[in-house]
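Novice: One structure, pasted below without further comment.
FYI, it's all coordinate maths here, none of it is from the lab. Please read these numbers as outputs of a predicted model, since none were measured by experiment. No Cβ is skipped: glycine too gets one built from the backbone with ideal geometry, and neighbour counts run over all protein chains shown.
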Amino acid sequence: MSHDLASLRRQLEDLVGNSHVDAGPETTAAFAVDGMIPALTVRPGTQDEVAAVVAACAASGAALVPWGGGTAMGMGNCPVRVDVVVHLDRLNRVVEFDPDNLCVTVEAGMPLARLQEMIAEKKLLLPLDPPDGARVTVGGLVAANLSGPRRLLHGTARDWVLGIRVVLPDGERIRCGGRVIKNVSGYDMNKLFIRSFGTLGIITEVTVKLLPMPAAQASVLGLFPDLSGAAATAEKVLASFLLPEALELLDPCALDILAPALGRSAPGNFALAAGFTGSRETVERQVRDLETLISERGGTVRLFREVDSVRIWDAVTNAFGALPQDPLRVLCMVAVPIARTAGMMASARAGATGSGLTAATLAHAGSGILWAAFFPAAGLPEDEAVSRMVTTLLALREEAATVGGSLVIQEASPRLKERVDAWGKPGSSFAIMRRIKTEFDPQGLCSPGRFLGGI
Amino acid sequence: MAQNLLIEGLRQVVGEANVLDSPVHLQLYQYDAYLEERRPDAVVFVHSTEEVAGIVRVCNQHGAPFVPRGGGTNLSGGTIPFRGGVVIEMIRMNRLLEVDTANLRARVQPGMFNLELGNALAPLGFQYLPDPASQKAATLGGNVAENSGGPHCFKYGVTTNHVVGMTVVMPDGEIAEFGGLAPDTTGYDLTGVFVGSEGTFGVCTEVVVRIVRLAEGVKTMLAIYDSIERGSETVSAIVAAGMIPATLEMMDQLVIQAVEQSIHCGLPLDCATVLIIEVDGLKDDLEAQTEAIVRLCKEHGAREVRVAKDDAERALLWAGRRGAFGAVARLTPSYLVCDGTVPRTALPAVLKKVAEVGEKYDLKIPNVFHAGDGNLHPLILFDWRNAEQKARVMKAGMEILALCVELGGTISGEHGVGLEKMDSMRLVLSEADIRSQLRVKRAFDPKDLANPGKIFPAPQEVACVP
Ligand SMILES: Cc1cc2nc3c(=O)[nH]c(=O)nc-3n(C[C@H](O)[C@H](O)[C@H](O)COP(=O)(O)OP(=O)(O)OC[C@H]3O[C@@H](n4cnc5c(N)ncnc54)[C@H](O)[C@@H]3O)c2cc1C
């Protein structure tokens, strides 16, 4: 450890207590970002402590990376430097729960699942469903704008966050938004920090609005021998009056992962899964209508109600978490205009086949989001595997770009990230993004290098 | 003279006929729906993104401020050229460029009126959800710049939830694309940051919005109360029962009387308040939802609940609500619209206090507002020719905003800060909060040419450190 970091360590220990600062690779290795092990990890216990920690890092020129549940740490490019990881697990209190006004304020390190449990007691929910909800923290959810199948009806974090508190890169604390559902008192600063990936400061507190729990829910799964039947049905649903909460396309590999939850496998099939919530009347009506649409297109219907429906969505939401671990696997998210979603799924699968890779793909059919995981064939030499991945990803990114979309790597080995930028090329708005970063973090100390265009 | 050179430069971009600089013309652009006035040096009609970029570059050459102007209906002085300069009149960029039903998006020029977009989408079975009560005369660009709300925003969110991309002429004249047809664009959410920036981040020249199917069914109710408190309690009771109606709007007696005089929609003149409640969605449970709401209203003291029998009845109810500001204008030479917001459950308390403020300053304050959002619009009536009265109005307005903040709310729900609420910003923002917002402003507009002199209060005097 350099001299500066040694003195920073002592300062941090003074600020948060010895037991909340760790140094040395044997303890900090668990907080490596893309293989870069931080010199120090620090666990502030209050928002003011976060501010003091950030100010101390700024004063000694140490680069820091905030860490929530760690579920999205694979995103982005390899950081340029990681001196200090600021772990927010102790920042996990409820600040204020106001069920009558459908809102709650929590500290950023609160796990999403725990928040959901607490508000469920008042028959409320936050309709955001990122993968791995048990580990995702509310702060991380916001910083990475993570989302899941339910974004079709409910949108993403940017639609649910009412206010946040942030520690800026110089250690100053600010508040953005508030706790009312309409707020135009100055700029909408929430939007600046949502999905800023820790490059503009550390989110320490979040206020979100909530929804009353629906009276009923059900899920319908349509199994089709090919993608086109499932995709055509999805198109019909989107053009109808139906208001599914989620509408997912699953390829045979993704469907395989779900076999245990579904209670049986359906080899070779594609699936369209729709989730409905609401009153009993509207749920029943939608189930009936969708069953008809599926049958008309030659699919077979499976219906799941209430707890079974919940179980199915858990499985779908976390499907990629159940994929086999493989150091060479790549996980990416492709975003395209809605009508292109199924086409991208076909392209991702074809691209994989063409390069001798295996793909599992799953798409939010009504939102324009495709998740794809690529695996090398067994026994392929590492160099060759990485090269093939690179080719496949770049071709897919190119195709997404032609329709104004993007491909973002969610998880990949540092070796692959050296050859493929995690975000792709920045567009005409990059100059302003750079200027924003410079205004807020002139020293470039917050998560340096992880974001778009080297920010 | 520098002034002539500026005008000459503008003319070279858009032609002689599209630049106004005669005093008579300029006078028409010195005010908006707020109460202040300031004359611009020139008004320019623009027709394309390139023209806007050309105009902004000329402004840069001459260090002239510029202010984009849509319908001029904003209530906070957003379009008043506070430091003079050039008003960029957007109203001719009013085309619907593309309706893409497969992708559930529409591409619109910013000068299009909100209602025109609605009218163009409806025959296709689609709608754009944010619907400010001023939708007949407010443009999409103005909606974007103010992050406007509207009666349907309780269930569906405000402008920012429905704008997914835009083309912007930056304050230095560069053209940039934010967001687009595809979701989750990489990098910072500049679309989200731009929405609500009140013309201070540049000129939006194209907007991509989310469109959705028209609802399969709609039911509209009018609940009539003899007590304003019972009416506002009902709002929270409906939400507590687990329902999210599309709208929950409220009007008090003075507003009802004004509306009846000008629109004749059959509102009872003797009641204390009415709630306009609308539920929409799949038709299967609308009857049941309506029944449940009618029951709740009655339990909370409604003396009568009417359910609109057909589209004509429904349209009449909405004509009354949408015409409320206009109708009140017949009661008085001028009024100040407050726009404070509170947590919904604080509505009964805040309404009572607003009435007390009215008594204290001897002012009439009718109320018409988005109750579901907790967004008040006390309208403080006065005569602009009476300076003493105007001073009282400003004090009363400030007191009402302070009340909202005290109850956990904020100083503006949807009308923006503009010139009007600069001094109230410190009620909700710390110096650090203000500084951080100014950082964003500097990043977008380092020369401070885009609608300068708005939103931010003058820096506080700081004692010199020896
Ligand atoms: C009777 C009445 C009822 C109203 N009801 C509501 C309501 O229910 N909800 C609500 O939210 N508001 C309401 N308003 C306020 C007002 O209508 C909205 O703020 C509206 O969005 C303003 O649109 P406009 O086209 O008139 O904008 P303008 O008043 O012309 O401009 C408003 C701001 O936007 C900027 N601007 C305009 N165009 C652009 C552009 N292309 N690019 C960048 N900046 C631009 C201007 O510089 C200015 O700062 C009401 C107003 C009235 C008079």
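Novice: Which FRET efficiency, nearest 0.05, do B:ARG435 and A:ARG264 yield, Cβ-Cβ r, R0 56 Å?
Specialist: So, using R0 = 56 Å, E works out to roughly 0.40.
Novice: Once you keep just the Cα pairs under 8 angstrom separated by 6 or more residues, what percentage relative contact order results for chain A? Show your work: numbers first, answer last.
Specialist: Values: 979 pairs, mean separation 72.1, N = 455.
The value is 16 percent.
Novice: Taking neighbour Cβ counts within 10 Å as the exposure measure, how do A:ILE409, B:ILE88 sort from fewest upward?
Specialist: Lowest count first: A:ILE409, B:ILE88.
Novice: Estimate the FRET efficiency between A:ARG419 and A:ALA322 by the formula 1/(1 + (r/R0)^6), using the beta-carbon distance for r and 30 Å for R0, to the nearest 0.05. List each step's numbers first, then the result.
Specialist: On the way: r = 28 Å, r/R0 = 0.92.
Once the sixth-power term is evaluated, E becomes 0.60.
Novice: Would you mind ranking A:THR27, A:THR105, A:THR402 so that the residue whose beta carbon has the fewest other beta carbons within 10 Å leads the list?
Specialist: By the 10 Å Cβ count, ascending, the order reads A:THR402, A:THR27, A:THR105.
Novice: Once you place label points 7 Å from the Cα toward the Cβ at A:THR391 and B:LYS360, how far apart are they in nm?
Specialist: With each label placed 7 Å out from Cα toward Cβ, I get 7.6 nm.
Novice: Right, next: Please give the contour-minus-distance gain from B:GLU299 to B:LYS283: 0.36 nm per residue of separation, less the Cα-Cα distance, rounded to one decimal in nm.
Specialist: Full-extension gain reported as 3.2 nm.
Novice: Right, next: Please compute the contact order of the range A:3-89 in relative form: average sequence separation of alpha-carbon pairs under 8 Å and at least six residues apart, divided by the residue count, as a percent.
Specialist: Reported relative contact order: 33 percent.
Novice: Right, next: Exposure proxy check: B:LYS441, A:LYS182 ranked by fewest other beta carbons within 10 Å? Spell out each step's value before the answer.
Specialist: Numbers: B:LYS441 22, A:LYS182 25.
Sorted ascending by nearby Cβ count, the order is B:LYS441, A:LYS182.
Novice: Next up: From the residues B:LEU124, B:ALA106, B:GLY165, which one has its Cα farthest along the dipole of the range B:96-213 in the positive direction, the dipole being from +1 and -1 charges on Cβ of Lys/Arg and Asp/Glu about the Cα centre?
Specialist: Value: B:LEU124.
Novice: Round to the nearest 10 and give me the degree value, 0 to 90, for the angle of helix A:227-239's Cα axis relative to the longest principal axis of chain A.
Specialist: Approximately 80 degrees, to the nearest ten.
Novice: Assuming a ≥ b ≥ c are the square roots of the Cα gyration tensor eigenvalues, decide whether the range A:216-319 counts as rounded (a/c under 1.5), prolate (otherwise, with a/b larger than b/c) or oblate.
Specialist: Since a/c reaches 1.5 but b/c is at least a/b, the shape of the range A:216-319 is classed as oblate.
Novice: Round to the nearest 10 and give me the degree value, 0 to 90, for the angle of helix B:253-263's Cα axis relative to the longest principal axis of chain B.
Specialist: The angle comes out near 70 degrees.
Novice: Helix B:387-406 versus the longest principal axis of chain B: what is the Cα-based angle in degrees, 0 to 90, to the nearest 10?
Specialist: The answer is roughly 70 degrees.
Novice: Let me ask something else about it. Sort the range B:422-464 into rounded, prolate or oblate with this rule: let a ≥ b ≥ c be the square roots of the eigenvalues of the Cα gyration tensor; rounded if a/c is under 1.5, and if a/c is not under 1.5, prolate when a/b is larger than b/c, oblate otherwise.
Specialist: prolate
Novice: Follow-up. Using the Cα centre of chain A as the reference point, and only Cβ charges (+1 on K/R, -1 on D/E), how large is the resulting charge dipole? Debye, rounded to the nearest 20.
Specialist: In total the dipole reaches around 680 debye.
Novice: If I take R0 = 51 Å and measure r between the Cβ atoms of A:ALA32 and B:ALA241 in this structure, what FRET efficiency does the formula 1/(1 + (r/R0)^6) give, to the nearest 0.05?
Specialist: Taking R0 as 51 Å, the efficiency between A:ALA32 and B:ALA241 is 0.55.
Novice: Still on this structure: Going 7 Å from the Cα of A:GLU291 in the Cα-to-Cβ direction, what parts of the range A:202-225 have a backbone nitrogen less than 17 Å from that spot?
Specialist: In the range A:202-225, the label zone of A:GLU291 (backbone N under 17 Å from the point 7 Å along Cα→Cβ) covers A:217-223.
Novice: Right, next: What shape does the range B:217-326 take by its C-alpha gyration tensor, where a ≥ b ≥ c are the square roots of the eigenvalues and a/c under 1.5 counts as rounded, a/b above b/c as prolate, and the rest as oblate?
Specialist: oblate
Novice: Here's something else I'd like to know. Please compute the modelled spin-label separation between B:VAL212 and A:LYS123, points set 7 Å along Cα→Cβ, answer in nm with one decimal.
Specialist: 2.3
Novice: For the range A:216-319, give the magnitude of the charge dipole about the Cα centre (Cβ charges: +1 Lys/Arg, -1 Asp/Glu; no others), in debye to the nearest 20.
Specialist: Result for the range A:216-319 is approximately 180 debye, rounded to the nearest 20.
Novice: Now for a different question. Rounded to the nearest 500 deg cm²/dmol, what is the calculated helix-only ellipticity per residue at 222 nm for chain A, with -39500 (n - 2.57) per DSSP H run of length n ≥ 4?
Specialist: Mean residue ellipticity at 222 nm (helix-derived): -10500 deg cm²/dmol.
Novice: Ignoring everything except DSSP H segments at least 4 long, calculate the 222 nm mean residue ellipticity for chain B; use -39,500 (n - 2.57) per segment, divide by total residues, nearest 500.
Specialist: Taking each H run of at least 4 residues, the total per residue is -10500 deg cm²/dmol.
Novice: Quick check: the distance between the Cα centres of the range A:365-417 and the range A:1-60, to the nearest angstrom?
Specialist: Cα centres, the range A:365-417 to the range A:1-60: 34 Å.
Novice: Out of the GluC sites (Glu not before Pro) in the range B:360-461, which ones are loop residues according to DSSP with at most 14 other C-beta atoms within 10 Å?
Specialist: Of the GluC sites (Glu not before Pro), the ones in loops of the range B:360-461 whose Cβ has at most 14 other Cβ atoms within 10 Å are B:GLU461.
Novice: Under unit Cβ charges (Lys, Arg +1; Asp, Glu -1), what dipole magnitude, rounded to 20 debye, does the range A:3-89 have relative to its Cα centre? Intermediate values should be presented prior to the final figure.
Specialist: Values: 4 positive and 10 negative charges, 27 e Å.
It comes to approximately 120 debye.
Novice: Sticking with this structure for a sec: Looking at A:MET344, B:ILE263, B:GLY72, which one has the Cα that reaches farthest to the positive end of the dipole of the protein assembly as shown (charges on Cβ: Lys, Arg +1; Asp, Glu -1)?
Specialist: Towards the positive end, the residue furthest out is B:GLY72.
Novice: For the pair B:GLN261 and A:ASN18, how long in nm is the line joining their label points, each one 7 Å along Cα→Cβ?
Specialist: 7.9
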